[in-house]
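Engineer: If you scroll down you'll find the structure; I have some questions about it.
The values are calculated or read from the model by the stated rules, or taken from the named source; none is laboratory data. Remember, predicted model here, so these are calculated numbers, not experimental data. Heads up, the Cβs are rebuilt from the backbone with ideal geometry, glycines too, and the neighbour counts pull from every protein chain shown. Accessible surface areas use protein heavy atoms only, side chains included; no ligands, DNA or RNA. Shrake-Rupley method; radii C 1.70, N 1.55, O 1.52, S 1.80 Å.
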Amino acid sequence: MFQPLPIGVDDFGKLIEKGYYYVDKTLMIKELLDKKGEVNLFTRPRRFGKTLNLSMLKHYFEDTGDAERNEQNAQLFSGLAIAGAGEMYTREMGQYPAIMLTLKSAKQNSFAMAYDSLKEAIAEEYARHEKMVVGKLENPEDVERYRAIRGRRGEDSDYYKSLSFLSNCLYKAYGKKCVILIDEYDVPLESAYFGGFYDEMIGFIRSLFESALKTNPYLEFAAVTGCLRVSRESIFTGLNNLKVFSIMRSDYAGYFGFVQQEVDRMLENYGMGDKRATVKQWYDGYRFGSTEVYNPWSLISFVEEHM
């Protein structure tokens, strides 16, 4: 019996727990730890596994504050490549509070609506940490500010610095620096550009990022993904700790999309070894750095259609 294919599944925990077919990208964790980049920006086309990889990082690094949940997260990586990479890497598992924010829902055609969508996403992340954080905050003003952001009734200034404030609160709760993961950072900017409110949106995103990613004493490291490279001058002003890994670089090239060996293995696993030439002709149209890469969505959809 074939493993189910993960079409539309971008949560790492669900993918592993439900037994979906997984192309192992966990050595991305080793490369991140080896390179020691403080703020890492990965730009890749859509449907190349960006959200799944960030979810993988969250499940690996996050200290949830609950020993049982931490152990469940650790079990997700049993038998995967990172588990055999050595103790210097596995000891980092479950060591940091994690903030994960996706901006992909901010596609509205006005700043007010897009801003409300972003506030909702921020509030949901505050809610995820509320149980661990609020009881550890000694300053009543911090508690009120936290609950105001959580309840979507904060001031604009609260949301503009909401990630840096959350990282501060997490440090107070855990005594540890945090990992910040931001997915699809460019979606609200692209929508704002075509909607005519780019200046308003970029002002918000710039403030949100700079306060969290620049000289933030509570940041361990950050990973940011998007499809477009927005110029450093417009949004990443002053972020001299930013490392950009675009499709032109060989770093991390094989972690987004499928390389030939992974494609061959998948086809063999699903009894489609004879489709190799067809798949190569149709889907082998990308090169990241010097690495030939297949679009994973296209390949998975092809395999499902021909099962």
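Engineer: Restricting the search to segment 249-285, which residues are crowded, with 16+ Cβ neighbours inside 10 Å and at pLDDT below 90?
Structural biologist: Of everything in segment 249-285, those that are crowded, with 16+ Cβ neighbours inside 10 Å and at pLDDT below 90 turn out to be Tyr283, Asp284.
Matching residues to (1) touching a helix residue (DSSP H, G or I) at 6+ places or on another chain (Cβ under 7 Å); (2) open to solvent by less than 40 Å² (accessible area, probe 1.4 Å):
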| residue | (1), (2) |
| --- | --- |
| Lys18 | no, no |
| Val23 | yes, yes |
| Leu33 | yes, yes |
| Lys36 | no, no |
| Leu41 | no, yes |
| Arg47 | yes, no |
| Leu52 | yes, yes |
| Asp63 | yes, yes |
| Ile99 | yes, yes |
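Engineer: If you check Asn73 against the conditions, is it assigned to a helix (DSSP H, G or I), touching a residue at least 40 places away in the same chain (Cβ under 8 Å) and open to solvent by 20 Å² or more (accessible area, probe 1.4 Å)?
Structural biologist: Yes; evaluated as a whole, the condition is true for this residue.
Engineer: Ok, one more. Scan segment 146-158 for residues that are part of a helix (DSSP H, G or I) and open to solvent by 70 Å² or more (accessible area, probe 1.4 Å) and jot them down.
Structural biologist: If the condition is that a residue be part of a helix (DSSP H, G or I) and open to solvent by 70 Å² or more (accessible area, probe 1.4 Å), then Arg147, Arg150, Asp156, Ser157 are the ones that fit.
Engineer: Does segment 187-199 contain at least one residue that is among the hydroxyl-bearing types (Ser, Thr, Tyr) and touching a helix residue (DSSP H, G or I) at 6+ places or on another chain (Cβ under 7 Å)?
Structural biologist: Of all residues in segment 187-199, those among the hydroxyl-bearing types (Ser, Thr, Tyr) come to 191, 193, 198.
Filter once more, keeping what is touching a helix residue (DSSP H, G or I) at 6+ places or on another chain (Cβ under 7 Å): 191, 198.
Checked segment 187-199: at least one residue is among the hydroxyl-bearing types (Ser, Thr, Tyr) and touching a helix residue (DSSP H, G or I) at 6+ places or on another chain (Cβ under 7 Å).
Engineer: Consider segment 79-97. How many of its residues are out of contact with any helix residue (DSSP H, G or I) (no Cβ under 9 Å at 6 or more places or on another chain) and either touching a residue at least 60 places away in the same chain (Cβ under 8 Å) or not in a helix (DSSP H, G or I) (or both)?
Structural biologist: Selection size over segment 79-97: 2.
Engineer: Take the conditions surrounded by fewer than 19 Cβ atoms within 10 Å (Cβ to Cβ) and among the hydroxyl-bearing types (Ser, Thr, Tyr) and apply them to Thr90. Does it pass?
Structural biologist: yes
Engineer: Of all residues in segment 107-141, which are in contact with a Phe, Trp or Tyr (Cβ under 8 Å, 6 or more places away or on another chain) and buried (at least 16 other Cβ atoms within 10 Å of the Cβ)?
Structural biologist: Phe111, Ala114, Tyr115, Leu118, Lys119, Ile122, Tyr126, Met132, Val133, Val134, Leu137
Engineer: If you don't mind, another one. Can you tell me how many residues within segment 170-200 are over 21 Å from the mean Cα position of the chain (by Cα) and in contact (Cβ under 8 Å) with a residue 12 or more places away in the chain? Spell out how you get there, then give the answer.
Structural biologist: Within segment 170-200, the subset over 21 Å from the mean Cα position of the chain (by Cα) is 172-175, 192-200.
Cutting the leftovers down to in contact (Cβ under 8 Å) with a residue 12 or more places away in the chain gives us 172-174, 192, 195, 197, 200.
Total satisfying the criteria: 7.
Engineer: Would you check if Ser250 is outside any helix (DSSP H, G or I), in contact with a Ser or Thr (Cβ under 6 Å, 6 or more places away or on another chain) and in contact (Cβ under 8 Å) with a residue 40 or more places away in the chain?
Structural biologist: Against the criterion (outside any helix (DSSP H, G or I), in contact with a Ser or Thr (Cβ under 6 Å, 6 or more places away or on another chain) and in contact (Cβ under 8 Å) with a residue 40 or more places away in the chain), Ser250 qualifies.
Engineer: So which residues in segment 286-307 are exposed (fewer than 12 other Cβ atoms within 10 Å of the Cβ) and not in a loop (DSSP other than H, G, I, E, B)? Give the derivation first.
Structural biologist: Of the residues in segment 286-307, the ones exposed (fewer than 12 other Cβ atoms within 10 Å of the Cβ) are 290, 305, 307.
The answer is Glu305, and nothing else.
Engineer: Quick one: would you say Thr225 is within 30 Å of Ser164 (Cβ to Cβ), buried (at least 18 other Cβ atoms within 10 Å of the Cβ) and among the β-branched types (Val, Ile, Thr)?
Structural biologist: yes
Engineer: I'd like the full set of residues that are over 19 Å from Glu38 (Cα atoms) and open to solvent by less than 10 Å² (accessible area, probe 1.4 Å), limited to segment 159-186.
Structural biologist: Tyr159, Ser162, Cys169, Asp186
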